[in-house]
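Have a look at the structure below, then the notes.
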Amino acid sequence: MRAEAFDVALLDIVMPELDGLEVMRQIREDPAPPEVIIITGNGTIDNAITAMKLGAYDYMTKPYRMAEIDVLVQRAWEKRQLARENQFLHQRLSRIDGTPVVQTRYAPMQAVLDVIEKAAPSDAPVLITGESGTGKDLVARAIHHLSERSGSFVDLNCAMLSDQNLETELFGYERGAFAGAAERKIGFLEMTTNGTLYLDEVSELESRMQGRLLRALEHGSYFRLGGMQRVEIHTRLITATNGDLDALVGEGKFRGDLLYRINTVTIALPPLRERVVDIPLLAEHFLQRFRGQGAPTLAPDAVEMLQAYEWPGNIRELRNVIERALLLHRGPVLSAADLPITQVKPAMGLPGGRVSLSDLERRHIESVLAHTAWHQGHAADVLGISPKTLYRKIREYGLKRPRRP
């Protein structure tokens, strides 16, 4: 085997001269080992589990059907191919703390990776859209790191600050600009010179701040609060939203001219429920991240449950599910019973029996509020949104806190 490179290897535990476990150990010493499928009799199940701990992809018990072997080999080969195809991006993104965004074989997501790579070297503003938990912040960081800009990356959530506080954070102020301004403060637009400024939930900007940001982008400069000297802008602007900015423009809630300024490049991230083929890959990524080499493998029923679930919280929710499952699990295989998720029943009368997005979001918010005893600050943290956005959603869906008995 050392003379040739293989993508997938099938090993029997019991062989005439060398047992499968020893071969498995030697295979793992290779810098690019193949995916290994173990074949075992009922009497050697414990050895098969040991092989799984050594890094085997999966195992089959005798007697087996060739169709089952075909399916396993195909899955193992696809995993190998995916690793090879994404090797370049993995290497370039290795400085980022965990990048599940690159774990994909879903065609629209692969197209997103192409856009990231092509857009990164330019200075063009980027708008990232997608539901909460789809990885918008990871995409923003990926663009920054691939650009090799020498400055820093700073992220700011527009929904977390009041209009006045947001203005001082973005533009800074001079000493004496207002009561309490004891010394000059450098704003994020200046702090990220030759770097990247990431504005999350840009749809939450108030009208006055939209106007101030637009003027700064149009002129390429601005004044600090209380200042008389222009500050030049030399930063890459990336914005993100989980809302529909075009709809907000139509409703008069967001400036169309500002939208044109920030969406030179638009990246739309698909929700996890559309990336069904990626769910096992992402789950394996989090298993390895939280448990390392000793991570359990996913049983077929666990994969089925993960792929059947609607994931209203997207990748963030999947990450939390895997992390919570590992807290209570110590075996070599993670089954459906070990996963702390509840299946969403299909809604009646909808095409394909699927639940509408708004209904899923309403149910998810309702469930999180119930589990946090309607503490909106805690609920917002769990949902990955700002308290301001949560308050708006509660009003939008007409949710009411249940009365105490």
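Can you go through Leu327, Leu282, Leu287, Leu306 and tell me which one is within 19 Å of Gly130 (Cα to Cα), part of a helix (DSSP H, G or I) and either touching a Pro at 6+ places or on another chain (Cβ under 7 Å) or not assigned by TED's automatic domain parsing to the domain that holds Thr50 (or both)? Before you say what the answer is, go through the steps one by one.
Values: Leu327 fails: within 19 Å of Gly130 (Cα to Cα); Leu287 fails: within 19 Å of Gly130 (Cα to Cα); Leu306 fails: within 19 Å of Gly130 (Cα to Cα).
From the options Leu327, Leu282, Leu287, Leu306, the qualifying one is Leu282.
Can you find, within the range 260-272, the residue that is nearest to Glu323 (Cα to Cα) among those that are over 12 Å from the mean Cα position of the chain (by Cα) and surrounded by 20 or more Cβ atoms within 10 Å (Cβ to Cβ)? Walk me through how you get there before you give the answer.
Step one: of the range 260-272, the residues over 12 Å from the mean Cα position of the chain (by Cα) are 260-268.
Applying the additional criterion that residues be surrounded by 20 or more Cβ atoms within 10 Å (Cβ to Cβ) yields 262, 267.
Details: Ile262: 36, Ile267: 28 Å.
This residue is Ile267.
Being in contact with a Gly (Cβ under 6 Å, 6 or more places away or on another chain) and at positive phi is true for just one of Gly180, Gly172, Gly195. Which residue is that? First the steps, then the outcome.
Values: Gly180 fails: in contact with a Gly (Cβ under 6 Å, 6 or more places away or on another chain); Gly195 fails: at positive phi.
Criteria check complete, one pass: Gly172.
Looking at Thr134, Thr104, which one is crowded, with 19+ Cβ neighbours inside 10 Å, touching an Asp or Glu at 6+ places or on another chain (Cβ under 7 Å), in the same structural domain as Phe188 (by TED's automatic domain parsing) and in contact (Cβ under 8 Å) with a residue 60 or more places away in the chain? If you could, list the steps in order and put the result at the bottom.
Working: Thr134 fails: touching an Asp or Glu at 6+ places or on another chain (Cβ under 7 Å).
None of the others qualify; the one that does is Thr104.
Looking only at the range 93-116, decide whether some residue is of a type in the set (Ser, Thr, Tyr), modelled with pLDDT of 85 or more and out of contact with any strand residue (DSSP E or B) (no Cβ under 6 Å at 6 or more places or on another chain). Break it down stepwise before answering.
Pass one, the range 93-116, residues of a type in the set (Ser, Thr, Tyr): 94, 99, 104, 106.
Now narrow it down to the ones that are modelled with pLDDT of 85 or more: none.
No, there is no match, as no residue in the range 93-116 is of a type in the set (Ser, Thr, Tyr), modelled with pLDDT of 85 or more and out of contact with any strand residue (DSSP E or B) (no Cβ under 6 Å at 6 or more places or on another chain).
Given the residues Glu131, Glu167, which is the only one that is among the acidic types (Asp, Glu) and outside any helix (DSSP H, G or I)?
Details: Glu167 fails: outside any helix (DSSP H, G or I).
After applying the criteria, what remains is Glu131.
When residues of the range 138-155 are filtered for being buried (at least 19 other Cβ atoms within 10 Å of the Cβ) and either at positive phi or touching an Asp or Glu at 6+ places or on another chain (Cβ under 8 Å) (or both), how many remain?
Residues flagged as buried (at least 19 other Cβ atoms within 10 Å of the Cβ) and either at positive phi or touching an Asp or Glu at 6+ places or on another chain (Cβ under 8 Å) (or both) within the range 138-155 amount to 1.
Take the range 227-244 and flag every residue that is among the hydrophobic types (A, V, I, L, M, F, W, C) and at pLDDT below 95. Lay out the reasoning, then the answer.
Let us first name the residues in the range 227-244 that are among the hydrophobic types (A, V, I, L, M, F, W, C), namely 228, 231, 233, 237-238, 240.
Met228, Val231, Ile233 - these are the residues of the range 227-244 that are among the hydrophobic types (A, V, I, L, M, F, W, C) and at pLDDT below 95.
Where residues in the range 285-296 are touching a residue at least 60 places away in the same chain (Cβ under 8 Å) and surrounded by fewer than 18 Cβ atoms within 10 Å (Cβ to Cβ), which of them is nearest to Glu361 (Cα to Cα)?
Among those residues, the one meeting the criterion is Arg289.
The values are calculated or read from the model by the stated rules, or taken from the named source; none is laboratory data. Just so it is clear, the model here is predicted, and its values are computed rather than measured. We place every Cβ from the backbone using ideal geometry, glycine too, and count neighbours over all the protein chains shown.
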